[in-house]
Amino acid sequence: MIELKNISKVYNKSKSNEVNALQNIDLKIEAGSMLAIMGPSGSGKSTLLNILGCLDVASAGTYKLNGQELQSLSRGKLAAVRNQHFGFVVQDFALIEDYTVMKNVEIPLHYSKNKVNKKEKTLALLDMLGMKEKASEYVYNLSGGQRQRVAIARALINNPDIILADEPTGALDQKTGEQVLAIFKKIHKEQNKTVLIVTHDEKIAKQCEGIINIVDGKIVKKSY
Ligand code: ADP
Ligand code: ADP
């Protein structure tokens with residue numbers, strides 16, 4: 001369970017130029033939900049995702065994850081929470097082009113204590129995502145849809161309970177985007193993971209269990 005109370009985020013570009021990226025955000029997200037986050041460009045969606053995923057900290061407010069208060073944790077402890085609970089997927093995949101599929105998926109394991117059966121785990125994930133036969137392929141030889149599957153495998157390798165995806169279909173054509181969404185739905189359904197997807201695409205958002213609409217750093221509507 002994610003609980004945000006009165007979360008605000010101010011970026012200080014300079015003393016005279018502050019951006020209120022998020023203002024007084026109250027949000028409860030039950031474990032195992034699949035929700036879309038929508039809003040115009042610059043409305044604060046990425047900032048919200050970054051705070052939820054412990055990549056950034058709020059300027060004010062409280063964040064509880066499964067009952068634990070996070071806003072007062074040290075950087076190191078916050079990183080541990082991030083590695084334990086969150087998997088990230090981004091629009092441009094953020095893969096290493098001249099690594100193989102296998103090596104890309106294993107990257108998060110370098111930072112994890114959880115190194116046993118590395119190869120088996122990676123291959124099982126790639127199998128689930130229909131990418132097992134590409135395990136030894138280099139990323140530069142893959143299509144966009146295949147790349148996003150690799151990125152999803154990498155996000156899942158440490159078995160996070162929450163997947164945060166920032167425009168995961170934004171660089172894909174409609175059909176490939178739908179296929180990638182189907183993977184998120186499957187992970188959500190079969191593994192009961194919480195999935196939060198930032199998207200501009202109504203068709204993608206409608207397939208989630210609910211939508212959080214953000215405008216100018218404020219939640220203007222929640223439908224779930
Ligand atoms: P969205 O994801 O909805 O496009 P963002 O969360 O990226 O919105 O940005 C919200 C606002 O905060 C925008 O005005 C953006 O320019 C600003 N912003 C985002 N990140 C930074 C940053 N690191 N430093 C300064 N301003 C930022
Ligand atoms: P999106 O709108 O797709 O979320 P952006 O292109 O707005 O992405 O932002 C990409 C990255 O740049 C994000 O990490 C965001 O925090 C940062 N960023 C966005 N706006 C600014 C800004 N005005 N100044 C500095 N960093 C920014």
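The values are calculated or read from the model by the stated rules, or taken from the named source; none is laboratory data. Remember, predicted model here, so these are calculated numbers, not experimental data. Backbone-built Cβ (ideal geometry, glycine too); neighbour counts: all protein chains shown. Protein only, heavy atoms only, side chains kept; ligands, DNA and RNA dropped before computing areas. Shrake-Rupley method; radii C 1.70, N 1.55, O 1.52, S 1.80 Å.
Here are some notes:
- Scan of the stretch 159-215 for residues that are within 16 Å of ligand 2 (Cβ to nearest atom), part of a helix (DSSP H, G or I) and without any contact (Cβ under 8 Å) to a residue 60 or more places away in the chain, ordered by number: GLY177
- Residue count for the stretch 158-179 satisfying the condition of being modelled with pLDDT under 95 and among the hydrophobic types (A, V, I, L, M, F, W, C): 2.
Here's the yes/no breakdown for (1) within 15 Å of ligand 1 (Cβ to nearest atom); (2) in contact (Cβ under 8 Å) with a residue 24 or more places away in the chain; (3) within 20 Å of ALA151 (Cβ to Cβ); (4) open to solvent by 40 Å² or more (accessible area, probe 1.4 Å):
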{"residue": "GLY32", "(1), (2), (3), (4)": "no, yes, no, no"}
{"residue": "SER41", "(1), (2), (3), (4)": "yes, no, no, yes"}
{"residue": "GLY44", "(1), (2), (3), (4)": "yes, yes, no, no"}
{"residue": "ILE51", "(1), (2), (3), (4)": "yes, yes, no, no"}
{"residue": "ALA58", "(1), (2), (3), (4)": "yes, yes, no, no"}
{"residue": "THR62", "(1), (2), (3), (4)": "no, yes, no, yes"}
{"residue": "GLY76", "(1), (2), (3), (4)": "no, no, no, yes"}
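- Selection from the stretch 4-29 of residues that are more than 12 Å from ILE51 (Cα to Cα), touching a residue at least 40 places away in the same chain (Cβ under 8 Å) and either away from ligand 1 (no atom under 14 Å from the Cβ) or among the aromatic types (Phe, Trp, Tyr) (or both): LYS5, ASN6, ASN24, ASP26, LEU27, ILE29
- Selection of the stretch 20-30 for residues being within 16 Å of ligand 2 (Cβ to nearest atom) and open to solvent by 50 Å² or more (accessible area, probe 1.4 Å) yields only ASN20.
- Meets criteria (within 12 Å of ligand 2 (Cβ to nearest atom), open to solvent by 20 Å² or more (accessible area, probe 1.4 Å) and over 16 Å from the mean Cα position of the chain (by Cα)) for SER72: no
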